[in-house]
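The values are calculated or read from the model by the stated rules, or taken from the named source; none is laboratory data. What you see is a predicted model, and the numbers here were worked out from it, not measured in a lab. Cβ: placed from backbone, ideal geometry, glycine included. Neighbour counts: every protein chain shown. We work out accessible area using only protein heavy atoms, side chains counted, and drop any ligands, DNA or RNA first. Shrake-Rupley method; radii C 1.70, N 1.55, O 1.52, S 1.80 Å.
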Amino acid sequence: MGLSKVDLKDYKKVRNKDEQKDNDEPQKENEFKVGPVRSTRTYISSAIDVLDKGEHRNIVLLGRGQTISKVVNIAEVLKRRIPGLHQLTETESTEVVDVYEPKDPTKSLEKQEVSKYICGLSITLSLDPLDTSKPGYQQPLHEGEVTEEDKERRANRARGDRQTSTRGRGGKGSISSGRGKSGRGGDGRGASRGRGGSSGAQGSAKGGFKDGSRGGGSKGGRGGGYR
């Protein structure tokens, strides 16, 4: 049913039938439905991992609407990271049905469905030859245009990303460890301030060493705070 924006002023969009269908269908490991949220680098790394496993000889990148340019960018980077990739680009127009419900449930209005067409793009990158007779076929790039992915560098970068994501939690711990009252001695001051070891540190600090120094409390604090 076709409705104008004026007709829909009393309605709100609640869901998209096509999106719900996509969510219900299981996604293949070598198929990537490119969306606006995940970064381009994430898709590139995931695609390289799939081909590195050796279980698949090709990957498929799918995008619609505003994500089409993102699909193209991902494909261009992959072709310059993995040698020998054949490319087949295909376009499509998909019908999408938006579902609208009345904003005010007390009004005698019925649910409405509005159909529209969205352009889509599919890019297949394959280590095996593809159909060269199709207009969207592109042969692999020359060797001089390809710089193979540095797997060790990518692994280190992935580890760095994981460490960055957990750094906030560690930071909270280090802040709380600086609130202790004890540990006045020497190089152990920072560690003896921790809450976990503050009571033990106070006891050691009060007793001190035989020579009268108070450094023992600091070292005692470190042992208790980090266990």
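For the range 59-102, a tally of residues being among the small types (Gly, Ala, Ser) and free of Cβ contacts under 8 Å to residues at least 12 places away in the same chain returns 1. Counting the residues of the range 108-122 that are in a strand (DSSP E or B) and free of Cβ contacts under 8 Å to residues at least 24 places away in the same chain gives 1. Taking helices (runs of 4 or more DSSP H) as the structural unit, those lying wholly within the range 1-107 and holding at least 3 residues that are open to solvent by less than 70 Å² (accessible area, probe 1.4 Å), within 30 Å of residue 138 (Cα to Cα) and at pLDDT 95 or above correspond to 40-53, 68-79. The set of residues in the range 108-118 that are among the charged types (D, E, K, R) and open to solvent by less than 70 Å² (accessible area, probe 1.4 Å) contains only 113.
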